[in-house]
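Okay, so here's the structure we're looking at.
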Amino acid sequence: MSDSKLKELRKDIDELNELLQQAKRKKVQDLLSLEIRKLETEWINVKDTEAASGAAGDAAAAATPAASSSTHNKRYQIKLNGYGWDQSDKYIKVFVTLKNAQTVPKEQVYCKLTERSMELHVDNLENKDYLLVINKLLEPINIAESHWKQKTDMVVVFLAKARPNVKWSHITEIEKKFEDQRNSRFKTDDMDKKDPQESIMSLMKNMYETGDDEMKRMISKAWYEGQQKKKTDTLEL
């Protein structure tokens with residue numbers, strides 16, 4: 001049952017990653033990235049449950065030496081987008097699923113960290129280099145106390161919180177901003193209490209601020225025509 005669920009989750013993640021590569025609009029990319037991370041986290045939880053019942057098999061897999069690749073083959077870099085994350089009082093834990101990650105020598109798995117960003121590098125894994133970049137972290141991290149570990153088919157990065165015990169609502173500022181905008185757009189309780197005209201104006205303002213050029217043009221035109229009609233009605237009176 002767990003194996004079947006893992007396969008289905010992996011198919012969903014792979015397909016979403018393909019869609020992410022094709023997506024051009026930033027909001028669409030953010031939505032797909034959020035969904036990928038949710039599924040990656042679920043995939044990790046299912047895998048951990050399965051691993052607990054088959055620790056011996058995992059140990060044997062971890063002991064398998066990495067297949068040596070030909071030095072004549074040219075390596076190329078693959079940028080990773082999907083990951084899962086969790087947190088404790090002290091750490092933000094970033095889970096990156098990568099088949100056979102445990103077979104790579106430790107010196108070829110490393111992170112480049114700043115107070116507000118991380119880059120995970122996995123070099124020469126089956127003749128490919130993998131890179132995961134996360135910029136604009138929600139809170140600063142303690143670089144000196146951060147570290148990472150290789151596990152079976154996975155790398156876990158432990159980002160030490162600069163402010164322990166502070167709970168992160170999101171892993172990046174961009175995700176928090178996107179979530180806040182989405183929530184405010186669909187909030188209707190306050191709008192119901194306001195004057196209907198005020199609610200419409202508030203909605204149009206939000207649409208103008210978040211819309212594309214065509215949306216802004218249409219709203220500006222409607223606003224101008226509305227003002228002209230008010231002037232005409234006043235003159236007729």
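For segment 164-178, taking the residues that are of a type in the set (V, I, T) and surrounded by 14 or more Cβ atoms within 10 Å (Cβ to Cβ), the one that is farthest from N100 (Cα to Cα) is identified as I174.
Assess whether N100 counts as being at positive phi, in contact with a Ser or Thr (Cβ under 9 Å, 6 or more places away or on another chain) and in contact (Cβ under 8 Å) with a residue 40 or more places away in the chain. Taking the combined requirement at face value, the residue satisfies it. Filtered by the rule that a residue be touching a Ser or Thr at 6+ places or on another chain (Cβ under 9 Å) and either surrounded by fewer than 16 Cβ atoms within 10 Å (Cβ to Cβ) or outside the structural domain of L120 (by TED's automatic domain parsing) (or both), segment 141-163 gives a lone residue, I143. Pairing each residue of segment 7-22 that is β-branched (V, I, T) with any residue that is crowded, with 16+ Cβ neighbours inside 10 Å, provided the two are 6+ apart or on different chains, yields C-beta distances under 8 Å for I13/I36; I13/L39; I13/E40; I13/W43; I13/G82.
When M201 is tested against the conditions (1) loosely packed, with under 14 Cβ neighbours inside 10 Å; (2) at pLDDT 90 or above, the lone failure is (2). When you check A160 against the structure, is it part of a strand (DSSP E or B), over 17 Å from the mean Cα position of the chain (by Cα) and touching a residue at least 40 places away in the same chain (Cβ under 8 Å), yes or no? Spelling it out, A160 is indeed part of a strand (DSSP E or B), over 17 Å from the mean Cα position of the chain (by Cα) and touching a residue at least 40 places away in the same chain (Cβ under 8 Å). Of note, K93 satisfies the criterion of being closer than 18 Å to I44 by Cβ and either touching a residue at least 40 places away in the same chain (Cβ under 8 Å) or crowded, with 18+ Cβ neighbours inside 10 Å (or both).
The values are calculated or read from the model by the stated rules, or taken from the named source; none is laboratory data. All values reported here derive from a predicted model rather than from experimental measurement. Ideal geometry is used to build each Cβ from the backbone, glycine not excepted, and the neighbour counts take in all protein chains shown.
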